[in-house]
1. With the requirement that a residue be more than 8 Å from every other protein chain (Cβ to nearest Cβ), open to solvent by less than 30 Å² (accessible area, probe 1.4 Å), assigned to a helix (DSSP H, G or I) and free of Cβ contacts under 8 Å to residues at least 60 places away in the same chain, what does the stretch B:112-144 give you?
2. Of all residues in the stretch B:204-257, which are aromatic (Phe, Trp, Tyr) and closer than 30 Å to B:Ala43 by Cα?
3. Quick one: in the stretch B:90-107, of everything that is in a strand (DSSP E or B) and β-branched (Val, Ile, Thr), which residue is nearest to the other protein chains (Cβ to nearest Cβ)?
4. Please state which of the following conditions B:Met158 fails to meet, knowing it meets all the rest: (1) farther than 23 Å from B:Ala208 by Cα; (2) buried (at least 19 other Cβ atoms within 10 Å of the Cβ).
5. If you check B:Val238, B:Val202, B:Val194, which single one turns out to be open to solvent by 10 Å² or more (accessible area, probe 1.4 Å) and not assigned by TED's automatic domain parsing to the domain that holds B:Asn61?
6. Here is a check on your reading of the model: is B:Phe229 crowded, with 24+ Cβ neighbours inside 10 Å, within 27 Å of B:Arg68 (Cβ to Cβ) and either in contact with a helix residue (DSSP H, G or I) (Cβ under 6 Å, 6 or more places away or on another chain) or within 11 Å of chain A (Cβ to nearest Cβ) (or both)?
7. Being more than 30 Å from A:Leu21 (Cβ to Cβ), hydroxyl-bearing (Ser, Thr, Tyr), under 26 Å from the mean Cα position of the chain (by Cα) and within 10 Å of chain B (Cβ to nearest Cβ), is that true of even one residue in the stretch A:63-76?
8. Could you list, in sequence order, all residues of the stretch B:19-32 that are closer than 18 Å to A:Leu188 by Cα and open to solvent by 40 Å² or more (accessible area, probe 1.4 Å)?
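The values are calculated or read from the model by the stated rules, or taken from the named source; none is laboratory data. Small disclaimer: the values here were computed from a predicted structure and weren't measured. Cβ sites come from the backbone with ideal geometry, for glycine too, and all protein chains shown count toward neighbours. What goes into the accessible areas is simple: the full protein's heavy atoms, side chains included, and nothing from ligands, DNA or RNA. Shrake-Rupley method; radii C 1.70, N 1.55, O 1.52, S 1.80 Å.
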Amino acid sequence: MSAIVKKNIPLIVTFLIGIVLVFEWFIPTDVGNRVGTGIRESGIIINSFAIMAGVIGLYLNEARKIMRRRDDWPYSVWMIVVVSLYIAVGVPLGYQSDTYQWIYNSILMPLGATMYGAISFYIAAAAYRVLKFRSLQAIVLLLPAMILILGNTPMITSFWTGFVDSGSWIMSYITQPVYTGIMVGVALGTMATGVRTLLGLETGWLGRKEEAE
Amino acid sequence: MIANGMTTPFVILLFFVGVLLFLIWQSKKGMKFEMKHLPGLDAIEEAVGRATEMGRPMIANPGLGGLRRGPVTIAGLSVVTYVSRLAARKGTGLIVPVANPELLPVVDEIVKTSYVMEGAPEAFDPDSQIRWLGDNQWSWTAGLQGIAERERVASNIMIGDFAAEAMILAETFARVGAFQVGGLTNTYQIPFFVAACDYTLVGDEMLAAGAYLSGDPEQIATIAAEDIFKLIFVGVIVVGILLGLSGSTALISLLGA
């Protein structure tokens, strides 16, 4: 029974839905479109339930940490306060209400923007470590990198645009073909993984149940 | 009938599935396919061993996306399965950070199953091992940075769906001295992982992780199908270049049909 519920049913559902959606994409029909739309809407509903289950699990998990005074338990208190605040405002007023939007735009957006802005410092730190004259390979990496850095530095390009043209050439004629090669591999890998999943060969996402039974 | 402009892709897909099924059938009949070694995936065992010896936790990160990201997340989950089994076997502290709420029960189930399969169900602690850090990209990233700094993570396996946070994560874990294996298909983020990780799986290498780690001959046969099509596509590209130089647009018309 356990194997049927945990392995066979998910694999059968995956196969049927996958086949329907593939044919709906390539051979559009009214019936196929209705079935495909229904499947996608079901996905949204299931996702909503997953979020609800996630929130309940979050409350239970954080409450347990507070009661057991685990490490960093004050953060759990803060988590519960913030999630409760969003629920208290969002459920009765809706997520498009001014109050909810104010909380979102005043707290989450600036924090997110700060994190995003910090990327440049991490890139600089990583670039410093990578771009060193250590070997022939490192030099091959360093030279085009320097051209691109100089081509994107306004102080340099304001009096000479040669680095801009060189950088564009590198991006168009060296980087882009390599990216294209990777994308071809990714496309084939995606198709192969998709077929493996539909056929029930790829079961890592189910925890490889066949060995557990 | 077939949607406009979709005939060629549909024929290619059918042809690909046909070759793939044929090779799986051949594999069932006993034909052996050899897969090249992927140092990044071989290094996972070293990463688990390192964390065990140092007595510090390690991270198996399937990425930001949920199951809707399809094969990328499925490949990431296959790696989580493999890592959690190794961690359960060696008694290594394992943390699996989750961003997408729909992925949470899936990750919980696969890690629990791994511990049961390795005969250590009592070592599985969902409170400390499975950590949902919010599905906002930056809260998830900040949460992971906090874990890296506070718990001095010894090894970090990041194979899955990563976007702009890739650089921050890879650099943070590099700073705390973690041994890192990264893998992703997002071409714009690949250079960041290459710069900061000890090993990086690029593109289809990452998608082959499930087949490679399982050692299942039928799954490895599907990788052989990929390689056959790579050769065919290289041939098509060469023909396209020659036709393009001669001024012909026949191939473009055919592929656009």
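1. Those that are more than 8 Å from every other protein chain (Cβ to nearest Cβ), open to solvent by less than 30 Å² (accessible area, probe 1.4 Å), assigned to a helix (DSSP H, G or I) and free of Cβ contacts under 8 Å to residues at least 60 places away in the same chain: B:Tyr115, B:Gln129, B:Gly143.
2. Scanning the stretch B:204-257 gives B:Tyr212, B:Phe229.
3. Within the stretch B:90-107, the match that is nearest to the other protein chains (Cβ to nearest Cβ) is B:Val98.
4. Among (1) farther than 23 Å from B:Ala208 by Cα; (2) buried (at least 19 other Cβ atoms within 10 Å of the Cβ), the lone unmet condition for B:Met158 is (1).
5. Answer to the check: B:Val238.
6. No.
7. Yes, some residue in the stretch A:63-76 is more than 30 Å from A:Leu21 (Cβ to Cβ), hydroxyl-bearing (Ser, Thr, Tyr), under 26 Å from the mean Cα position of the chain (by Cα) and within 10 Å of chain B (Cβ to nearest Cβ).
8. B:Leu21, B:Phe22
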